[in-house]
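Structure in structure tokens, see below.
Bear in mind these aren't lab numbers, they're just calculated from the coordinates by the rules spelled out. All of these numbers come straight from a predicted model, not from anything done at the bench. Cβ coordinates were reconstructed from backbone atoms using ideal geometry, including for glycine residues, and neighbour counts include every protein chain displayed.
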Amino acid sequence: MEKSKFIPYGRQEVTQEDIDAVIQTLKSDFLTQGPAVPLFEQKLCSYTGARYSVAVNSCTSALHIACLALGLGPGDILWTSPITFVASANCALYCGASVDFVDIEPDTALMSVEKLKDKLEWAEKEGKLPKIVIPVHFAGQPCDMEEIYNLGQKYGFKIIEDAAHAIGSKYKSESIGNCKYSDITVFSFHPVKIITTGEGGAVMTNSLLLAEKMDVLRSHGITRDPKKMQNKPDGMWYYEQIDIGFNYRMTDIQAALGSSQLDRLDQYIFRRKEIVDWYNEKFVNNAIIKSLKSKSDVESAHHLYVVKIMGKQNKRNYIYDKLRNLGIGVNVHYIPIYRQPYHSYKCDKLPGAEDYFKRAISLPLFPTLSLGEMNMVADNVINIVGSIK
């Protein structure tokens, strides 16, 4: 097993078209708040089918203003998946609310609807129902949104879809981000995601009220709309701060890159699926290497390719170290949030999340991954697993 050039688990592709789009913006009169941001927002709406989009500087910012727009605050509870990046839980804490977790299906790493039902029944009796539930479309595969939506209607909670992994995914043949089964959907445009703006995110919604609220929150709580002001404007320069907001704006430079990347989104997803299908074929007869289960009514954007290392002996860490030493940038997505020192909740470990966590390993997956690199990854995984006594 000869060590070669490092292969990351994810990598952006920046084309000449992207560079030209950014250069054109750099040569324009606008770098921060110009025409590129609303154009990007319009393209996101056209792609997903949502009515409104608000582009921001990160998906973390998107989660924060989404929670605020839905009225989350002190005394409220937000539920999310334990198998996600910490931002999915931190957004509750930013608002002064508390956070709790719903266990996952270990074979998909998605929030378990059955566990959600059980927890809601318990919470109703205890007077601890959540104000917001955030299902996470892990690795690009959507959750069972219609069932979660129906539970929201029954128990009165709002829904934010964490689609940081899932722009371009489909649920029941419709685009994730259309908010058919949620109040708000959030996207991430970090460089390892499906498309990138360098850093960036967006909120999608079908509610004009929520969109206007989040638009104000992303820009210091300031409005220039006379209809929202308490006082009559003295001139075109006049503005009012009507809320406590944040500097969460996306720049025109980032939006120009995002618009250019969005034009290739379907191509990226097609290529990612090709790689996933290839990996699946390589591992299909290996009892130790098991890919996550795919649901029948969804189309994943395939942000991550996660396998679980089966068997009685927990050899995930051994395999991880061996692959990293060979220059294969595997990763683990994610450590259950409740294990983090800052989130040291006094609750039992969740069995689905624990089973998943001790076995999961993410293999390299990105559109420019070559066949030679794919063979290097798969062959080394198989060889290392086969060498375990």
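Please work out how much length the chain gains when fully extended from Met310 to Lys349, using 0.36 nm per residue of separation minus the C-alpha to C-alpha distance, in nm with one decimal.
12.0 nm
Assuming 0.692 mPa s and 37 °C, estimate D for the chain with Stokes-Einstein, Rh taken as the Kirkwood radius over Cα pairs, in µm²/s.
150
Could you let me know the centre-to-centre spacing of the range 250-279 and the range 171-229, using Cα atoms, in angstrom?
18
In terms of Cα to Cα distance under 21 Å, which lysines are near enough to Lys228, apart from those fewer than 8 places away along the same chain?
Qualifying lysines at Cα under 21 Å: Lys213.
Could you check the spin-label model distance between Glu174 and Asn285? Points 7 Å from the Cα along Cα→Cβ, value in nm.
About 4.3 nm, to one decimal.
Give me the mean projected area, in nm² to one decimal, of the convex hull enclosing the Cα positions of the range 225-268.
Values: hull surface 21.2 nm².
Averaged projected area of the range 225-268's Cα convex hull equals 5.3 nm².
How much length is gained if the chain between Ser370 and Arg224 is pulled fully straight, taking 0.36 nm per residue apart and subtracting their Cα-Cα distance, in nm to one decimal?
Separation in residues times 0.36 nm, less the Cα-Cα distance, equals 47.6 nm.
State the Cα centre-to-centre distance between the range 117-162 and the range 295-339 in whole Å.
26
Could you give the length gained on full extension between Val332 and Asp234, defined as 0.36 nm per residue of separation minus the Cα-Cα distance, in nm?
Between Val332 and Asp234, full extension yields an extra 29.7 nm.
Could you identify which residue out of Asp243, Asp321, Asp29 has the top mean-square fluctuation in a GNM of the chain using Cα springs shorter than 10 Å?
Comparing Asp243, Asp321, Asp29 in a Gaussian network model of the chain, the most mobile one is Asp29.
To the nearest 10 degrees, how steep is helix 16-26 against the longest Cα principal axis of the chain, on a 0 to 90 scale?
Tilt of helix 16-26: around 30 degrees.
Give me the compactness ratio for the range 249-371, meaning the Cα radius of gyration over 2.2 N^0.38 Å.
That ratio works out to 1.28.
From the cross-link list Lys117/Lys293; Lys273/Lys295; Lys282/Lys312; Lys117/Lys172, which pairs have alpha carbons spaced over 18 Å apart?
From the list (Lys117/Lys293; Lys273/Lys295; Lys282/Lys312; Lys117/Lys172), the Cα-Cα distance tops 18 Å for Lys117/Lys293; Lys282/Lys312; Lys117/Lys172.
Dimensions of the range 1-143 along principal axes (Cα, Å, largest first)?
That works out to 60, 51, 28 Å along the principal axes.
For an R0 of 30 angstrom, estimate the FRET efficiency from the Cβ-Cβ distance between Ser387 and Gln340 and round to the nearest 0.05.
So the FRET efficiency works out to roughly 0.35.
Report, please, the projected area of the range 236-318 averaged over directions, based on the convex hull of its C-alpha atoms, in nm².
In nm², the orientation-averaged hull projection of the range 236-318 is 11.7.
Checking a compactness column here: for the range 141-194, what do you get for Rg(Cα) / (2.2 N^0.38 Å), N being the number of residues? Walk me through the intermediate numbers first.
Details: Rg = 11.5 Å, N = 54, 2.2 N^0.38 = 10.0 Å.
That ratio works out to 1.15.
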